[in-house]
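Below: the structure, in structure tokens.
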Amino acid sequence: MPVPESQQNLHASRLALPGGIEQVFAGDIVNQLQELDAANNYASTQLQQLSGLIDTRLADSFWKNIDIQLLVRTRAWAMEQLLLLIWKQQASDSTISLIAAGGFGRGELHPHSDIDLLILLPENPRSQQTESIEAFVRTLWDAGFYPGHSVRTVAQCIEDASEDVQFVTNLMEARLLDGDSNLFEQLKNGITAAKIWPADTFFAAKMAEQKARHEKYFDTAFNLEPNIKESPGGLRDLQMIKWVTQRHFNTLTLHGLLEHNFLQGDEFQRLIECRNFIWRVRYALHLLAGRAEDRLIFEHQRLIAEKFGYSNQPNNLAVEQFMQIYYRNALRVERMNERLLQLFREELILGREKDTVIILDEQFQSRQGYLEIRHAEIFTKRPSSLLEIFLALQQHPEIKGIRATTIRSIRNHLYLIDDDFRANPENYKIFMQLLSQQQGIYTQFKRMNRYGVLESFIPAFGKIAGRMQYDLFHVYSVDQHTLFVIRNLRRFAYGHYRQRFPHGQAVYQRIPRPQILYLAAFFHDIAKGRGGDHSTLGAEDADDFCRKAGLDDDTRSLVSWLVRNHLLMSMTAQRRDISDEAVLTEFNLKVPTRERLDALYLLTMADIAATSPKLWNGWKDSLLWQLYRATVHRIKHDRHTPSRKEFLDQVKSQLSAQEYDQHLVSEFWNSIPDEHLQRLNTDQLAWASTELHAAADENHTIVAVRSQTEKDHSEVMVYTRDYQGLFASVIQIFDQMRLNILNARVLTTSRGFGFDLFQISNNQNKCLSDRDAGRLQDYLMKTLKTRTWIPQRKQKQASKFRYFDDQPELYFENLKEQELTRLELACLDQPGLLAHLSALFTEQDLILEDARIATFGHRVEDAFLLRNADNMALTQTQQATLKQAVTQLLAEWD
């Protein structure tokens, strides 16, 4: 077996032959190494072959589930032997030091880990030494090692290390492989904490480094495709603990935490188990990617889940099971990182300051700005203190956090949150108080989740802890997403991010009891992964909680209604035509009061924005706000629909005298049928009228583009004599320019003109630049002049999407009053999908009246309003033919 952590002394010399190596290598590999060493004469191809054989044996051993500690240390040992063979032949010199650094210095190498080397030179190196080092490095590259190396003197190392905390960290793990031991000792002595980077300064610098690193990953371990090395809860967090331990205690391994009573035995064992699990994931990543890879992307998630023996279960895919285990291990690392670094802070920073204690109440006190329990038995005597401690933090915002010993005590007393605790009305009262504070709600709920309090008090929350959803829409685990929804609601309360959420604070101020909104947010996804409708099941959980909390019937009704309908506004705004009076009436009937509308609007915004950092944009904001305002109007004015004259009078009021040519504009307006006019807003018709007036001829082709900057999209108007394939031609140009189509409104006037409006964005989900808008106008004008449509070849499917096996869903509904057919399509997103669908519509002589485009990660859910060539709804035969064509198109996609 590998050398125990407590017995390793990696800095002293070369790596010892790992115990248990016979499980990995048969005697032939060790014999070959010994023979090459004795011969001192070999070609680089021999080393390449032997290195390849070593990696093959290691890979075979890994998939046979051989101990991961043995594997990473055996590879480090084997690579060391090969390097020393080359060094001995090319550059061995008693006045030079060959030093292993980084992970290689720790004696830990994964299949494609960097082999970091430092070559220490005397102060006045000879030219022959420089030449031999160049030959050594060249041979390494020829043999396929590709090392990361640097060549320095001791003085250069110390100078650089004194200015760069990353470099001194790398040197702290240095290990002498061969050469001048005195030179190496000079280096080690020159970088001690007594000379540069004392423990407290080193700690502060590394904490700043970790904070910046965590912020790159949105300060969460629960990203959809986590970086298992750099993300919170990853290997860097473990290494951070080791580095601070080493700098402070001058100990070489994590075992020093035990020796200095910073960890208890069971805690140390859990830490090593977490590290070993992440090591296994990283080892698998390197093998499957064939390169150094630390991003756990979709492709590898599925493959690793399969390789590790997970299998699909009802409502729980193998990959979801695997990722939940990964997230839970990452959370454990994150917890341990926080507590141990807090211990170091108390010893290195606070321990040198005056001990200031402020008593808060009978249970808690603040010591040097950090909360602690006043007596070790607080939690056993009063279990409710396990919730009240977070309430104390909210009520005392000057307190920076919790002392390490108290964090440990919370974790050790979670067993007290049992059935009796969950049946105690007082604890529900405290929970509701936590949701009712003026500040600290998100911060303390995040802390409660990290310490395991939330899942202990509400076991259903434990089932979503670390649970991922295998799609490109939700980029966080369900529990992290839930907490981010609460964070967004708090942002509305404070008026933060007004540019992203321009209406959030104003509507939030109308909410009389915000804690009800937070409670609905907490339960909105709590039933994910159970099977069935998670909204309905979550509403039942929310109602049960409200009953136990003693909330009144009206409150229970509102909370459960919000959870049950939390997707209603999003689905209506993004998938339905919200200019359609029937759609607005249907929505208003489901959301009949201003109180419910306000709460649902805020919850919907918070939910969408917490799904992915890139998902929320001005376009989605404008859709929700349009639906919100239309519903407010209907609630206030009893669903009054303006007449045609009232609508056109509003348009006329937006036009100046110079823009209004009564004959030209009236002819244009009169050519738009009532059913089409109802699908426009006054601003769109006023803009179109202005462009028509500028053209001074209603028979000309007009292409106009305007920016809707506050809504993060551009709007395109096409007005031309209608022809077969007009819509498909326009869509094809958008596709060629790689523009996102957000919405399409296709109208045909009574005079035979196509009047089409499109909302589009660039690939950054922003408005088109002036240059791109000009190019688009030119391309469209050239295309429209030809009045022809040329089908486009299919493009290859985006690489990420092939790992999703979602089956396409098509749904047809005939809208008899409008003589239209509504086609709803849900399928994997594909490059140019809309262009190909519009081509199908053209080929089958179908007329597209309207299109709603909604993309949710890897999946699109689009809706189209269609007529046949007779201006009627599609017949059953036409629907079947179209369905077959669409299904075949999607099946044939590469």
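Using the Cα centre of the chain as origin and beta-carbon charges of +1 (Lys, Arg) and -1 (Asp, Glu), tell me which of LEU780, GLY256, ALA688 is placed farthest towards the positive end of the dipole.
With unit charges placed on the Cβ atoms, the residue in question is GLY256.
First compute the accessible area of the chain with a 1.4 Å probe, then give the percent of it belonging to carbon and sulfur atoms.
It is 46 percent, rounded to a whole number.
To the nearest 20 debye, what is the magnitude of the charge dipole of the chain about its Cα centre, counting +1 on the Cβ of each Lys and Arg and -1 on the Cβ of each Asp and Glu?
Dipole magnitude for the chain comes out near 1080 debye.
Using a 1.4 angstrom probe, figure out how much accessible area the range 506-627 has per residue, in square angstrom, rounded to the nearest whole.
34 Å²
Taking a label point 7 Å from the Cα of ALA204 along the Cα→Cβ vector, which residues of the range 145-178 have an amide N closer than 15 Å to it?
Within reach of a label on ALA204: 165.
Given a 1.4 Å probe and heavy atoms of the protein chains only, how would you sort TRP669, TRP63, largest accessible area at the top?
From most exposed to least exposed: TRP63, TRP669.
What number comes out for accessible area per residue over the range 726-779 if the probe is 1.4 Å? Units Å², please. Don't skip to the answer; put the middle values down first.
Values: 2080 Å² over 54 residues.
Accessible area per residue, the range 726-779: 39 Å².
Can you give the relative contact order of the range 546-621 as a percent, counting alpha carbon pairs under 8 Å and 6+ residues apart?
It comes to 29 percent, rounded to a whole number.
For LYS400, tell me the accessible area in Å² from a 1.4 Å probe, rounded to the nearest 10.
140 Å²
With a 1.4 Å probe and all protein chains kept in place, how much accessible area does ILE191 have, in Å² rounded to the nearest 10?
10 Å²
Which distance in nm do the two modelled labels at SER150 and ASP778 give, with both placed 7 Å along the Cα-to-Cβ direction?
According to this spin-label approximation, the distance is 5.0 nm.
Ignoring ligands, DNA and RNA, how do TYR326, TYR42, TYR415 rank by accessible area with a 1.4 Å probe, largest first? Walk me through the numbers before you get to the answer.
Details: TYR326 0, TYR42 25, TYR415 145 Å².
Result of the area sort, largest leading: TYR415, TYR42, TYR326.
Binning every alpha carbon pair distance of the range 643-770 at 5 Å from zero, what are the percents per bin?
All Cα pairs considered, the percentages come to 2, 10, 21, 22, 21, 14, 8, 2, 0.
Suppose R0 equals 25 Å; then what is the FRET efficiency for THR95 and ASN41 from their Cβ-Cβ distance, rounded to the nearest 0.05? Write down the numbers at each step before the final one.
Working: r = 24 Å, r/R0 = 0.97.
That pair, THR95 with ASN41, gives E of 0.55.
From the alpha carbon gyration tensor of the range 665-730, can you work out the equivalent ellipsoid semi-axes (sqrt of 5 times each eigenvalue) and give them in Å, largest to smallest? Before the final figure, lay out each step's value.
Working: eigenvalues 70, 51, 39 Å².
Equivalent-ellipsoid dimensions as semi-axes: 19, 16, 14 Å.
For the range 22-86, with only Lys/Arg (+1) and Asp/Glu (-1) charged at the beta-carbon, what is the dipole magnitude about the Cα centre, in debye rounded to 20?
In total the dipole reaches around 160 debye.
Taking the dipole about the Cα centre of the range 616-772, with the C-beta of Lys and Arg at +1 and of Asp and Glu at -1, give me whichever of LEU655, GLN724, SER707 is farthest to the positive side.
Checked the options; the winner is SER707.
Calculated from DSSP H runs of 4 or more alone, at -39500 (n - 2.57) each and per residue, what is the 222 nm mean residue ellipticity of the chain, nearest 500?
-16500 deg cm²/dmol
I'd like the distance separating the alpha-carbon centroids of the range 273-331 and the range 95-159, in whole Å.
Centre-to-centre distance over Cα atoms comes out at 34 Å.
Would you please classify the overall shape of the range 495-539 from the alpha carbon gyration tensor, given that a ≥ b ≥ c denote the square roots of the eigenvalues, rounded means a/c under 1.5, and beyond that prolate means a/b larger than b/c while oblate covers the rest?
Because a/c hits 1.5 or more and a/b exceeds b/c, the range 495-539 counts as prolate.
Using a 10 Å cut-off on Cβ atoms, rank the peptides 327-339, 348-360 from the highest mean neighbour count down.
327-339, 348-360
Any chance you could get the radius of gyration and Dmax over the Cα atoms of the range 722-790, in Å?
12.3, 38
Could you pull the Cα extents of the range 435-534 along its three principal axes, largest to smallest, in whole Å?
So the three principal-axis extents are 37, 30, 22 Å.
Taking the convex hull of the Cα atoms, report for the range 210-302 its projected area averaged over all directions, in nm². Provide the component values of the computation, followed by the final result.
Values: hull surface 27.1 nm².
One quarter of the hull surface, i.e. the mean projection, equals 6.8 nm².
What is the set of long-range amide H partners of LEU742 at a cut-off below 5 Å, with H atoms built 1.01 Å from backbone N?
Close amide H contacts, sequence-distant or interchain: GLN759, ILE760, SER761.
Over the Cα atoms of the chain, what radius of gyration and what Dmax do you get, in Å?
Cα-based Rg and Dmax for the chain come out at 33.2, 101 Å.
Can you give the Rg to Rh ratio for the range 467-617, taking only C-alpha atoms and Rh from Kirkwood?
Rg/Rh for the range 467-617 comes to 0.95.
By how many nm would the segment from HIS663 to GLU159 grow when fully extended, if each residue of separation counts as 0.36 nm and the alpha-carbon distance is taken off?
Gain in length upon complete extension: 173.2 nm.
With every protein chain present, what accessible area does ILE158 have (1.4 Å probe, heavy atoms only), rounded to the nearest 10 Å²?
The value for ILE158 is about 50 Å².
Beyond 14 Å, what share of the Cα-Cα pairs of the range 581-632 is found? Please give it as a whole percent.
Cα-Cα pairs in the range 581-632 separated by more than 14 Å: 53 percent.
Tell me, what are the semi-axes, in whole angstrom and largest first, of the equivalent ellipsoid of the range 50-127 as set by the roots of 5 times the Cα gyration tensor eigenvalues?
30, 13, 8
Using only alpha carbon positions, build the gyration tensor of the range 99-208, then give the equivalent ellipsoid semi-axes as the square roots of 5 times its eigenvalues, largest first, whole angstrom. Write down the numbers at each step before the final one.
Values: eigenvalues 126, 68, 23 Å².
Semi-axis lengths for the range 99-208 are 25, 18, 11 Å.
Accessible area per residue for the range 282-402 in Å², computed with a 1.4 Å probe and the full protein assembly in place, what is it?
Computed with neighbouring chains in place, this is 43 Å² per residue.
Residue farthest toward the positive end of the dipole of the chain, with Cβ of Lys/Arg at +1 and Asp/Glu at -1: which of VAL154, GLY495, HIS481?
GLY495
So if I place +1 on the C-beta of Lys and Arg and -1 on the C-beta of Asp and Glu, and nothing else carries charge, what would the dipole magnitude of the range 585-629 be about its Cα centre? I want it in debye, nearest 20.
Dipole magnitude for the range 585-629 comes out near 60 debye.
The values are calculated or read from the model by the stated rules, or taken from the named source; none is laboratory data. This one's a predicted model, so the numbers in the text were calculated from it and none came from an experiment. Cβ: placed from backbone, ideal geometry, glycine included. Neighbour counts: every protein chain shown. The accessibility values were calculated without ligands, DNA or RNA, using every heavy atom of the protein model including side chains. Shrake-Rupley method; radii C 1.70, N 1.55, O 1.52, S 1.80 Å.
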